[in-house]
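Throughout, read-outs are computed from the coordinates displayed, never taken from laboratory work. Computed from a predicted structure; not experimentally measured. All Cβ positions, even for glycine, are placed from backbone atoms using ideal geometry, and neighbour counts span all protein chains on display.
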Amino acid sequence: MARAPNKHGRDQALDFQGFLSDLQDWELSLKDKDKKMRPQDSHQEKLKTRDLGTSSGNFDHSRNLDSINTMSSSFTSEDSLPDAASEKELGNEYFKQKKFKEAIDCYSRSIALSPSAVAYANRAMAYIKIKSFQEAEDDCTEALDLDDRYIKAYSRRATARKELGKLKESIEDAEFALRLEPQNQEIKKQYTEAKSLYEKTILQKASGARKNSVQEVQKVGKLDTKVNGQSIQPVSSSAQITEMTAVLDHTKRNNTTRKQEVKASVQELASRAASRVKAVAAEKITPPNSAYQFEVSWRGLSGDNARQTSLLKAISPSALPQIFKNALTVSILLDIIKCVATFFVEEMDLAVNYLENLTRVPRFDTLIMFLSSSDNADLVKIWNEVFDNEATPIEYAQKLDNLHTKYCPKR
């Protein structure tokens, strides 16, 4: 049977209930006060923030900058940054739309980001379209400095040079491009047109010179139709006719003689001028930096073995692979070997050095392999008569034996 609670227990229960009731009342009063205080606190917080913005400007400014930088970085990524390839492609699109100036701007940005032969050559083509031929020539030269086998750069420079009146240089560019790609019909047409225009220009100049010379002769040999201001009357007697005919015949002979003298004089002057130009060009031999430069200089000195030797010696043997790269031709290779043979005995160490470094040119083995029968026979003859000589010192004989298998392989 349950025992009834005593008086002390009842008192404790009542006290506890009173405590809970007081606690609830206190909590409600706090919430009431909190509601009343919130609008005021919010207003004070705004005032505080405003004061911080004016009186503590440095702190607030830096915080704003951080926010801006954070936002900026969120919009900037590697995908959105321009690159050389995308600028070049955009330039190509503008070019297709015939917006050449916009294309030039894109190619320029591509070059600034990462220079390439293609970007330079493409910008050159855009320059050609707006008839800025000097800029086009310069860009093609830059392209060839980066890649001296880039056919489009040779072709476009030939176009620019033709428009600039540099017909001989235009022919050289087209001819060199044709050697690199003999079956290219467009370059064949370009070469033919440039050569035809050059020959036409030469003929016009020669014709003009002859015309001027004849006019001078005619002025000198012209019969004066007046004597002391009086016109000569027509002759009637046979004696007078005979006499006048003799005078005219004599005058014609004099005219013919003078024409021949003038023609000989013009030819002599032309010959002297050509010799002078050749001499000046020979004196200014500078080491070439590419196969194209070497070939142009080499052909310019054609027939002058001493000057061609000077040109070759202006190049360090170790530089040959870098200069020729993949652009060495059979004719130039054989010419260099013949040139080396001329100073082999006097400068054997230098000659062997040239022969060794020629074998390091990338296309050397291919050129030797596909030599024609006549070229191969010429090379073998030179090797046997000059390089494979009993008088060659032992220290060079071993090197030449090793080189012999590369220059004259068994077929």
Determine the gain in length on full extension of the stretch HIS404-ALA314; use 0.36 nm per residue of separation and subtract their C-alpha separation, reporting nm with one decimal.
-> 29.9 nm
LYS99-ARG360 FRET efficiency (beta carbon distance; Förster radius 35 Å; 0.05 resolution) | 0.15
In Å, the C-alpha Rg and Dmax of region 326-403 are 12.3, 35
Over 22 Å, how big is the tail of the calculated P(r) for region 101-204, in percent of all Cα pairs?
-> 29 percent
Which of LYS162/LYS189; LYS88/LYS166; LYS168/LYS325; LYS166/LYS195; LYS129/LYS205; LYS96/LYS189 have a Cα-Cα distance over 22 Å?
-> LYS88/LYS166; LYS168/LYS325; LYS129/LYS205; LYS96/LYS189
Under the Karplus curve 6.51 cos²θ - 1.76 cosθ + 1.60, θ = phi - 60°, whole-Hz ³J(HN,Hα) for region 145-162, x wherever Gly or Pro sits | 5, 7, 8, 7, 10, 7, 4, 4, 5, 5, 4, 6, 5, 4, 5, 4, 5, 4
Part-to-part distance (alpha-carbon centres) for region 339-354 and region 295-317, which is given in Å | 14 Å
If packing is taken as the mean number of other Cβ atoms within 10 Å per residue, what is the order of 343-356, 131-144, highest first?
-> 131-144, 343-356
Compute the FRET efficiency between LYS129 and SER373 as 1/(1 + (r/R0)^6), taking r as their Cβ-Cβ distance and R0 = 41 Å, and round to the nearest 0.05.
-> 0.30
Computed magnitude of the charge dipole of region 291-407 (debye, nearest 20; Cβ of K, R +1, Cβ of D, E -1) = 500 debye
Ordered by packing density, taken as the mean number of other Cβ atoms within 10 Å over each peptide's residues, highest first, how do 123-130, 191-198, 327-334 rank?
-> 123-130, 327-334, 191-198
